[in-house]
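The values are calculated or read from the model by the stated rules, or taken from the named source; none is laboratory data. Source: prediction; values computed, not measured. Neighbour counts run over all protein chains shown; Cβ positions are idealised from the backbone, glycine included. Just so you know, the surface numbers come from the protein's heavy atoms only, side chains and all, with ligands and any DNA or RNA stripped out. Shrake-Rupley method; radii C 1.70, N 1.55, O 1.52, S 1.80 Å.
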Amino acid sequence: DAGITQSPRHKVTETGTPVTLRCHQTENHRYMYWYRQDPGHGLRLIHYSYGVKDTDKGEVSDGYSVSRSKTEDFLLTLESATSSQTSVYFCAISESSQGADTQYFGPGTRLTVL
Amino acid sequence: QQQVKQSPQSLIVQKGGISIINCAYENTAFDYFPWYQQFPGKGPALLIAIRPDVSEKKEGRFTISFNKSAKQFSLHIMDSQPGDSATYFCAALDGSARQLTFGSGTQLTVLP
């Protein structure tokens, strides 16, 4: 998985609790992304980062926040988890935002919100 | 709002057959079209990609056909093998917006 780790790999939590997912890369790539994967929807972009402390919203950003204080780490936070946020979350990295640079995906985190 | 429409949702093919997955898009700002392959429990991995100035790209048994005027592109898997059984996603990149938009996925099963 191209030097990308995600933690935790599985998490079960209750509605209303805060949750933080971590993505760590060893490739020193500039761009990092958080996606969620749901049946029938493919992968949808939540937030992305184009540098330390530089982030922007994706297609489904409501209810999520992100932070990137170091090149290698990109955190996704659900301030107050809801059942609609039950999903598989993937982190991805790339050297640039252009097509010539592939997005490499991590192994995913399966989150269940009860 | 689904900017990239993918079909079929599932596909069953006999070993040695041809698998064909189709995608269509509306946004003319898309300038790069990759296909990803995903096995259960794994993240998606880039399979093959094409730019709109090329009508076809072939890598081994995998071919992308691209029709710019129709805003459609497709993945052809020749001589399909059981090991090709996976979920396939088409995607389209808007480089100026820095965002990759995915289709909804096709679950391919190749029977031995």
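Per residue of A:41-54, count partner chain C-beta atoms within 10 Å of its C-beta, then hand back the mean as an integer. Please report the intermediate quantities before stating the final value.
Numbers: counts 5, 15, 12, 3, 5, 0, 0, 3, 0, 1, 0, 0, 0, 0.
Averaged over the peptide's residues, the number is 3.
Going 7 Å from the Cα of B:Gln107 in the Cα-to-Cβ direction, what parts of region B:1-27 have a backbone nitrogen less than 13 Å from that spot?
Within reach of a label on B:Gln107: B:9-12.
Please report the accessible area of B:Lys71 (heavy atoms, 1.4 Å probe, ligands and nucleic acids excluded) in Å², nearest 10.
Rounded to the nearest 10, the figure is 50 Å².
First select every other residue whose beta carbon is under 13 angstrom from the beta carbon of A:Ser87; then total the charges, Lys and Arg +1, Asp and Glu -1.
Values: positive: A:Lys11, A:Arg36, A:Arg44, A:Arg110; negative: A:Asp38.
Cβ neighbours under 13 Å give a net charge of +3.
Below 12 angstrom from the Cβ of B:Gly103, what's the summed charge of the other residues (Lys, Arg +1; Asp, Glu -1)? All intermediate terms of the calculation are to be shown ahead of the outcome.
Values: positive: A:Arg44, B:Lys5; negative: none.
Neighbour charge sum, excluding B:Gly103 itself: +2.
Using a probe radius of 1.4 Å on heavy atoms only, what accessible surface per residue do you get for the protein assembly as shown? Whole Å² is fine.
Working: 10590 Å² over 226 residues.
So the protein assembly as shown comes to 47 Å² accessible per residue, rounded to a whole number.
When chain A is treated as a GNM, springs tying every alpha-carbon pair under 10 Å, which of A:Glu95, A:Glu79, A:Glu59 comes out with the largest mean-square fluctuation?
It is A:Glu59.
Which FRET efficiency value, to the nearest 0.05, is calculated for B:Glu59 and A:Val52 with the Förster distance at 45 angstrom and r the Cβ-Cβ distance?
On the way: r = 35 Å, r/R0 = 0.79.
Here the calculated transfer efficiency is 0.80.
Shape verdict for region B:14-53, please, from the Cα gyration tensor: rounded (a/c under 1.5), prolate (a/b greater than b/c) or oblate.
Working: a/c = 2.39, a/b = 1.49, b/c = 1.60.
Since a/c reaches 1.5 but b/c is at least a/b, the shape of region B:14-53 is classed as oblate.
Among the listed pairs A:Lys11/B:Lys58; B:Lys42/B:Lys71; A:Lys11/A:Lys57; A:Lys57/B:Lys71, which are separated by more than 32 Å between their Cα atoms?
Those over the limit are A:Lys11/B:Lys58.
In nm, what is the difference between 0.36 nm times the number of residues separating B:Leu46 and B:Thr28 and their Cα-Cα distance?
Working: separation 18, 0.36 × 18 = 6.48 nm, distance 2.23 nm.
Length difference between fully extended and current span is 4.2 nm.
Let me check against my output: what whole-number percent is the relative contact order of chain B, with C-alpha pairs under 8 Å and at least 6 apart? Write down the numbers at each step before the final one.
On the way: 279 pairs, mean separation 41.7, N = 112.
Relative contact order of chain B: 37 percent.
Given a 1.4 angstrom probe, I'd like the percentage of the accessible area of chain A that is carbon and sulfur, rounded to a whole number.
Values: 2390 of 5160 Å².
Of all accessible area on chain A, carbon and sulfur atoms account for 46 percent.
Give B:Lys15/B:Lys57; A:Lys70/B:Lys5; A:Lys53/B:Lys68; A:Lys70/B:Lys68 a once-over and call out the pairs whose C-alpha atoms are over 30 Å from each other.
Values: B:Lys15/B:Lys57 23 Å; A:Lys70/B:Lys5 36 Å; A:Lys53/B:Lys68 37 Å; A:Lys70/B:Lys68 40 Å.
Check vs 30 Å cut-off fails for A:Lys70/B:Lys5; A:Lys53/B:Lys68; A:Lys70/B:Lys68.
Once the principal axes of the Cα atoms of chain B are found, what is the range along each, listed largest first in whole angstroms?
43, 29, 20
Taking a probe of 1.4 Å and counting only protein heavy atoms, give the total accessible area buried between chains B and A in Å², rounded to the nearest 100. Mind dumping the intermediate values first?
Working: alone 6310 and 6020 Å², together 10590 Å².
Chains B and A together bury approximately 1700 Å².
If Rh is defined by the Kirkwood formula over all Cα pairs and Rg also comes from Cα, what ratio Rg/Rh do you get for the protein assembly as shown? Don't skip to the answer; put the middle values down first.
Values: Rg = 17.5 Å, Rh = 18.0 Å.
Radius of gyration relative to Kirkwood radius: 0.97.
In square angstrom, rounded to the nearest 10, how much accessible surface does A:Ser61 have for a 1.4 Å probe?
Looks like 20 Å² after rounding.
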